[in-house]
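Engineer: My questions will all concern the structure given below.
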Amino acid sequence: MTTKALHKNTQSTDHVRQKIKRFYEEDHQSIRWIARELNLNFRTVKKYLEMDQREFEQFSDTVINRGHILDPYRDFIIGRLSQYQETPAAQMHDWLKENHSDFPKVSPKTVYNYVMKIRQEYGLPKISESERQYSALPETAPGEYVCKV
């Protein structure tokens with residue numbers, strides 16, 4: 001993650017915490033209402049409310065500096081996405097398991113999220129394969145089949 005992205009992430013998390021505090025302390029809104037309003041889990045809202053500024057800064061630092069379980073395979077993923085841009089995340093998951101005996105057991109959703117993050121960071125959008133062409137077949141009597149070649 002770039003320094004700019006890290007700074008943006010810190011700002012947005014701090015901004016969310018400030019909103020939570022304002023809704024709760026000044027507007028006297030419930031935790032449930034705040035969670036719905038900000039599209040957060042109520043436990044997240046509660047956790048942020050219970051933290052003081054120092055605790056929140058420590059928490060933010062650990063979240064930002066935390067690596068991803070798939071970081072050791074980043075170069076492999078970038079290489080494959082550069083070469084085969086149409087590759088779905090499920091295929092990438094299979095390739096990782098086939099090519100790396102030490103690959104950890106992770107859910108397909110974890111691989112999907114990481115692949116989407118890499119695509120976004122490196123400007124590697126998924127190029128869809130050509131759409132399959134369908135056409136109507138002529139009406140036939142029951143039991144008959146017309147083969148188009």
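The values are calculated or read from the model by the stated rules, or taken from the named source; none is laboratory data. Predicted, not measured: the structure shown is a model, and the values here were computed from it. Positions of Cβ are generated from backbone atoms using ideal geometry, with glycine treated the same way; all protein chains shown enter the neighbour counts.
Engineer: Does I78 satisfy the condition of being touching a helix residue (DSSP H, G or I) at 6+ places or on another chain (Cβ under 8 Å), modelled with pLDDT of 95 or more and at negative phi?
Structural biologist: Considered against the rule, which asks whether it is touching a helix residue (DSSP H, G or I) at 6+ places or on another chain (Cβ under 8 Å), modelled with pLDDT of 95 or more and at negative phi, I78 comes out as yes.
Engineer: I'm checking my understanding of the structure. Among residues of the range 89-117 that are among the aromatic types (F, W, Y) and within 13 Å of Y73 (Cα to Cα), which one is surrounded by the most Cβ atoms within 10 Å (Cβ to Cβ)? Before the answer, list the steps.
Structural biologist: Step one: filter the range 89-117 for residues among the aromatic types (F, W, Y), giving 95, 103, 112, 114.
Narrowing the set further to residues that are within 13 Å of Y73 (Cα to Cα) leaves 95, 103, 114.
Numbers: W95: 18, F103: 17, Y114: 22.
Checking each candidate, the answer is Y114.
Engineer: State which residue is farthest from the chain's Cα centre (by Cα) when the search covers only the range 70-123 and only residues that are of a type in the set (S, T, Y) and part of a helix (DSSP H, G or I).
Structural biologist: Applying the first criterion (of a type in the set (S, T, Y)) to the range 70-123 yields 73, 82, 84, 87, 101, 107, 110, 112, 114, 122.
Next, only the ones that are part of a helix (DSSP H, G or I) stay: 73, 82, 110, 112, 114, 122.
Values: Y73: 17, S82: 19, T110: 8, Y112: 7, Y114: 6, Y122: 15 Å.
It comes out as S82.
Engineer: Determine which member of the set E57, E37 is among the acidic types (D, E) and modelled with pLDDT of 90 or more.
Structural biologist: Values: E57 fails: modelled with pLDDT of 90 or more.
Among E57, E37, only E37 is among the acidic types (D, E) and modelled with pLDDT of 90 or more.
Engineer: Can you tell me which of (1) within 27 Å of S12 (Cα to Cα); (2) assigned to a helix (DSSP H, G or I); (3) within 21 Å of the chain's Cα centre (by Cα) is the one L40 doesn't meet?
Structural biologist: Only one criterion in (1) within 27 Å of S12 (Cα to Cα); (2) assigned to a helix (DSSP H, G or I); (3) within 21 Å of the chain's Cα centre (by Cα) is unmet by L40, namely (2).
Engineer: Name the residues in the range 32-56 that are among the acidic types (D, E) and surrounded by fewer than 13 Cβ atoms within 10 Å (Cβ to Cβ), would you? Let's see the steps before the verdict.
Structural biologist: So the first thing to find is which residues in the range 32-56 are among the acidic types (D, E), and the list is 37, 50, 52, 55.
If the condition is that a residue be among the acidic types (D, E) and surrounded by fewer than 13 Cβ atoms within 10 Å (Cβ to Cβ), then E50, D52, E55 are the ones that fit.
Engineer: Give me the residue from the range 57-69 that is free of Cβ contacts under 8 Å to residues at least 40 places away in the same chain and either part of a loop (DSSP other than H, G, I, E, B) or surrounded by 14 or more Cβ atoms within 10 Å (Cβ to Cβ) (or both) and, out of that set, farthest from the chain's Cα centre (by Cα). Full working, then the answer.
Structural biologist: In the first step, residues of the range 57-69 are kept if they are free of Cβ contacts under 8 Å to residues at least 40 places away in the same chain; the result is 57-59, 61-62, 65-67.
Filter once more, keeping what is either part of a loop (DSSP other than H, G, I, E, B) or surrounded by 14 or more Cβ atoms within 10 Å (Cβ to Cβ) (or both): 59, 66-67.
Details: F59: 21, R66: 16, G67: 15 Å.
Filtering the range 57-69 for residues that are free of Cβ contacts under 8 Å to residues at least 40 places away in the same chain and either part of a loop (DSSP other than H, G, I, E, B) or surrounded by 14 or more Cβ atoms within 10 Å (Cβ to Cβ) (or both), the one farthest from the chain's Cα centre (by Cα) comes out as F59.
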